[in-house]
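The values are calculated or read from the model by the stated rules, or taken from the named source; none is laboratory data. None of the values given here were measured: they were computed from a predicted structure. Note that each Cβ is placed from the backbone with ideal geometry, even for glycine, and that neighbours are counted across all protein chains shown. When the accessible area is computed, the model is the full protein with side chains, heavy atoms only, and any ligands, DNA or RNA have been set aside. Shrake-Rupley method; radii C 1.70, N 1.55, O 1.52, S 1.80 Å.
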Amino acid sequence: MDKDAKIYVAGHRGLVGSALVRELARLGYGNLLLRESRELDLRNQADTLALFQAERPEYVFLAAAKVGGIAANNSFPADFIYDNLMIQNNVIHSAYLNGVAKLLLLGSTCIYPRLAPQPIREEALLTGPLEPTNEPYAIAKIAGIKLCQSYNRQYGTRFISAMPTNLYGPNDNFDLDSSHVLPALMRKFHEAKVSGSPSVTVWGSGTPYREFVHVDDVARASLFLMERYEGWEPVNIGSGQELTIRELAEKIREVVGFTGEIVFDSSKPDGTPRKLSDVSRIHQLGWRHGIELMQGLRDTYAWYLANLC
Ligand code: GFB
């Protein structure tokens, strides 16, 4: 990408999109096309097409999505499938109609079967049933991958896709009802410390394994793939390291400096038992993550204290 190329970051106010904008700015890309969702509803076909016709972006990072943690996915399945399908249909089709040079779709490793062999290779896609708590979201993201591949096959476009594992970092959603586990626990431990509570409640059994990758690593990997990857298959982005939710809770307790107990609420769902991505494809391409979990937790807690307290 030339430094003056027009680059559309769809979803630039979100966790991934805002990290992409920081990274693009740091590297000197000065011609970014950005629209907030209140200015442009990407679920609207005519409005989305009008933006592409008027602005003619050369590159598109498709980071706009309806996202959330296990409770949000479970409670609002219609929103998760409808919003994501509409956004992807509109952006990908408009990109094709308006000659976008290259597009990167961001998805999630929840597209893979619930009981896929671990670590999960990209080839596991569509080999088994999905995790029920996020099936509608996963189906939408799988449709996004297939849209990219189909347009490449029929129209010769260069639309690629990347599947980050559970991510976290600055600008994450810390709302306890809709967030992912990491920001939720950071907030719960912080508020318990401040209020002097004796314990913090963690959902589920604490036994599921999850892998986390810092969003700044995801932004760097996304740029790397935009520059270097031409394959049609999705590429996993992860750290390749997993831990249990209990271990995660203990690490966050330490970072926040809470000294009380951790209590598990088994009435809440565990979700998929294990979800470790195989990152050999992106390693072979020449990229690996740079931010280890403890460092990322400390940085994210500092951001939380500075911005949300
Ligand atoms: O991060 P999370 O909401 O989503 O939950 P998933 C991960 C695990 O943490 C589950 C447990 O076992 C939760 O029960 N957990 C413990 C908590 N305490 C909490 C809490 O206070 N809040 C939350 N949210 N979880 C999502 C998918 O799955 O991951 C999406 O629903 C997407 O589609 C995303 O793929 C990356 O890892 O289970």
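Residue separation of Gln284 and Asp79 scaled by 0.36 nm, minus their Cα-Cα distance, works out to 70.2 nm of gained length. For the chain, the relative contact order comes to 19 percent (Cα pairs under 8 Å, sequence separation of at least 6). When a 1.4 Å probe is rolled over the protein heavy atoms, the share of accessible surface on the chain that falls to carbon and sulfur comes to 49 percent. In this structure, the pairs whose alpha-carbon distance is over 29 Å, taken from Lys146/Lys188; Lys251/Lys275; Lys193/Lys275; Lys188/Lys275, are Lys146/Lys188; Lys193/Lys275. With the convex hull constructed from alpha-carbon coordinates only, the range 28-112 shows a mean projected area of 6.7 nm² over all directions. For Lys66, the accessible area of its heavy atoms, probed at 1.4 Å with every protein chain present, is near 60 square angstrom.
What angle, in degrees between 0 and 90 and rounded to the nearest 10, separates the Cα long axis of helix 245-256 from the longest principal axis of the Cα atoms of the chain? Relative to the chain, helix 245-256 is tipped by roughly 80 degrees. Among beta bridges identified by DSSP and lying wholly in the range 184-269, the antiparallel ones come to about 40 percent. Rounded to whole numbers, the Karplus 3J(HN,Hα) couplings from phi for the range 41-58 are 8, 5, 7, 9, 5, 5, 5, 5, 4, 4, 4, 5, 5, 6, 9, 6, x, 8 Hz, using 6.51 cos²θ - 1.76 cosθ + 1.60 with θ = phi - 60°, and x at Gly and Pro. Please label the shape of the range 73-145 as rounded, prolate or oblate, based on the square roots a ≥ b ≥ c of the eigenvalues of the alpha-carbon gyration tensor (a/c under 1.5 means rounded; beyond that, a/b larger than b/c means prolate, else oblate). Oblate shape, in that a/c is at least 1.5 and b/c is the bigger or equal ratio.
Converting the Cα gyration tensor eigenvalues of the chain into ellipsoid dimensions via √(5λ) gives semi-axes, longest first, of 32, 21, 18 Å. Only protein heavy atoms count here; on that basis, with a 1.4 Å probe, Trp287 has an accessible area of about 20 Å². Summarising the strand pairing of the chain, around 10 percent of its internal DSSP beta bridges are antiparallel. Entry note, the chain: the mean residue ellipticity at 222 nm calculated from DSSP H runs of n ≥ 4, each adding -39500 (n - 2.57), is -14000 deg cm²/dmol after division by the residues and rounding to the nearest 500. Taken over the range 159-291, the ratio of Cα radius of gyration to 2.2 N^0.38 Å equals 1.18. For the residues Leu40, Leu308, a 1.4 Å probe over the protein chains yields an accessible-area ranking, largest first, of Leu308, Leu40. The label point for Leu49 and the one for Gln154, both projected 7 Å from the Cα toward the Cβ, are 1.5 nm apart.
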